[in-house]
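Enquirer: One structure follows; several queries about it will come next.
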Amino acid sequence: MPITVDIDVMLAKRKMSVGELAERVGITPANLAVLKNGRAKAVRFATLAALCEALDCQPGDLLRWEADAATAGGAERAAEAERTADATGG
């Protein structure tokens with residue numbers, strides 16, 4: 001998945017445990033672990049806001065986008081097709 005979750009980075013910076021963060025946010029440690037390990041399919045904005053408040057950070061400190069090989073390859077093919085079309089007048 002191209003979205004990477006960096007909750008563990010913020011936990012280390014804040015010297016906070018998963019259990020303490022889960023308690024502050026109001027979710028179970030198990031659900032926080034699912035999110036932290038990148039296995040979650042979605043996150044509610046209310047949960048994201050609570051995480052940001054508890055960790056004193058911005059959403060971008062917790063989530064980042066990384067192109068995977070398939071996504072990057074598709075973008076490269078699309079750019080090449082566009083260049084070819086421009087060169088041939090198509």
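Enquirer: Looking at the structure I just gave you, is Val9 out of contact with any Lys or Arg (no Cβ under 7 Å at 6 or more places or on another chain) and within 17 Å of Glu66 (Cβ to Cβ)?
Expert: For Val9, the condition - out of contact with any Lys or Arg (no Cβ under 7 Å at 6 or more places or on another chain) and within 17 Å of Glu66 (Cβ to Cβ) - is met.
Enquirer: Looking at Arg64, Arg44, Arg77, which is the one that is closer than 15 Å to Thr4 by Cβ, basic (Lys, Arg) and either at pLDDT below 95 or under 20 Å from the mean Cα position of the chain (by Cα) (or both)?
Expert: Working: Arg44 fails: closer than 15 Å to Thr4 by Cβ; Arg77 fails: closer than 15 Å to Thr4 by Cβ.
Only one candidate passes the filter, namely Arg64.
Enquirer: So, one more: Looking only at the range 44-66, which residues are part of a loop (DSSP other than H, G, I, E, B), under 16 Å from Val9 (Cβ atoms) and open to solvent by 30 Å² or more (accessible area, probe 1.4 Å)?
Expert: Asp56, Gln58, Glu66
Enquirer: Just checking, which of Ile7, Ile3, Ile27 is open to solvent by less than 40 Å² (accessible area, probe 1.4 Å) and either modelled with pLDDT of 90 or more or touching a Gly at 6+ places or on another chain (Cβ under 9 Å) (or both)? Write out each step before concluding.
Expert: Values: Ile3 fails: open to solvent by less than 40 Å² (accessible area, probe 1.4 Å); Ile27 fails: open to solvent by less than 40 Å² (accessible area, probe 1.4 Å).
Going through Ile7, Ile3, Ile27 in turn, just one is open to solvent by less than 40 Å² (accessible area, probe 1.4 Å) and either modelled with pLDDT of 90 or more or touching a Gly at 6+ places or on another chain (Cβ under 9 Å) (or both): Ile7.
Enquirer: Under the condition of being part of a helix (DSSP H, G or I) and without any contact (Cβ under 8 Å) to a residue 12 or more places away in the chain, which residue from the range 30-43 is surrounded by the fewest Cβ atoms within 10 Å (Cβ to Cβ)?
Expert: Taking the range 30-43 and keeping what is part of a helix (DSSP H, G or I), we get 30-36.
With without any contact (Cβ under 8 Å) to a residue 12 or more places away in the chain added as a condition, the list becomes 30-31, 34.
Details: Ala30: 9, Asn31: 13, Val34: 16.
My answer is Ala30.
The values are calculated or read from the model by the stated rules, or taken from the named source; none is laboratory data. Nothing here was measured: the structure is a model prediction, and the numbers come from that model. Here Cβ is always computed from backbone atoms with ideal geometry, including for glycine, and neighbour counts include all displayed protein chains. Just so you know, the surface numbers come from the protein's heavy atoms only, side chains and all, with ligands and any DNA or RNA stripped out. Shrake-Rupley method; radii C 1.70, N 1.55, O 1.52, S 1.80 Å.
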